[in-house]
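Some notes on the structure that comes next.
The values are calculated or read from the model by the stated rules, or taken from the named source; none is laboratory data. This structure is a prediction, so every number in the text was calculated from the model and none was measured. Every residue, glycine among them, receives a Cβ derived from its backbone with ideal geometry; neighbour counts consider all protein chains shown.
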Amino acid sequence: MKTQVKDITNVIDGNITQGQLNTWKNKFGRVVKLQIEDDDANTLFAYFKKPDIGIRSAVLQASKMDEFKALEVLFKNCYLGGDGIIEQEDDLRLNITTAFSDHIQPKPVKVEVL
């Protein structure tokens, strides 16, 4: 019986390889994939890792002075790769990082005092 092996050189969304995605997953655990459309209706993809407490702290510190700077700190520290135009165009980078920031917000916690 033959075992099927996934082609890790296959290019997937965001012009990354399956092998690169596997490497990120092994190194960072969960990887978040986001998609956005540019002005020409092309679908673009970006991959992010979940921020650790150090990154969250840096983002919080930056947000006290400038919320855009906080998004830049988040992008620079969590962006793994994807379509290169996202790094080059401010609007795309801002929109996708804002969506990622919304995704990683703390989850609701139910508190019960006994």
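Some points to look at:
- Residue in region 52-73 that is crowded, with 17+ Cβ neighbours inside 10 Å and under 10 Å from the mean Cα position of the chain (by Cα) present: no
- Within region 5-19, if we keep just the residues that are β-branched (Val, Ile, Thr) and not in a strand (DSSP E or B), the residue that is modelled with the lowest pLDDT turns out to be 5.
One line per residue, one yes/no per condition, for (1) within 17 Å of the chain's Cα centre (by Cα); (2) at pLDDT below 95; (3) more than 20 Å from residue 101 (Cα to Cα):
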site: 3; (1), (2), (3): no, yes, yes
site: 26; (1), (2), (3): yes, no, yes
site: 34; (1), (2), (3): yes, no, no
site: 40; (1), (2), (3): no, yes, yes
site: 50; (1), (2), (3): yes, no, no
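- All conditions but one from (1) under 19 Å from residue 34 (Cα atoms); (2) touching a Lys or Arg at 6+ places or on another chain (Cβ under 9 Å) apply to residue 62; the one that does not is (1).
- Residue 16 vs. criteria among the β-branched types (Val, Ile, Thr) and touching a residue at least 24 places away in the same chain (Cβ under 8 Å): yes
- Filtering region 24-50 to residues that are surrounded by fewer than 15 Cβ atoms within 10 Å (Cβ to Cβ) and β-branched (Val, Ile, Thr) leaves only 43.
- Of all residues making up region 32-61, the number that are out of contact with any Leu (no Cβ under 8 Å at 6 or more places or on another chain), more than 24 Å from residue 20 (Cα to Cα) and not acidic (Asp, Glu): 8
- All positions within region 20-42 that are touching a residue at least 12 places away in the same chain (Cβ under 8 Å) and part of a strand (DSSP E or B): 31, 32, 33, 34, 35, 36
- The set of residues in region 43-74 being charged (D, E, K, R), closer than 16 Å to residue 105 by Cβ and in a loop (DSSP other than H, G, I, E, B) consists of 50, 52.
- Looking only at region 76-114, and only at residues there that are of a type in the set (Val, Ile, Thr) and surrounded by fewer than 11 Cβ atoms within 10 Å (Cβ to Cβ), the one that is farthest from residue 18 (Cα to Cα): 113
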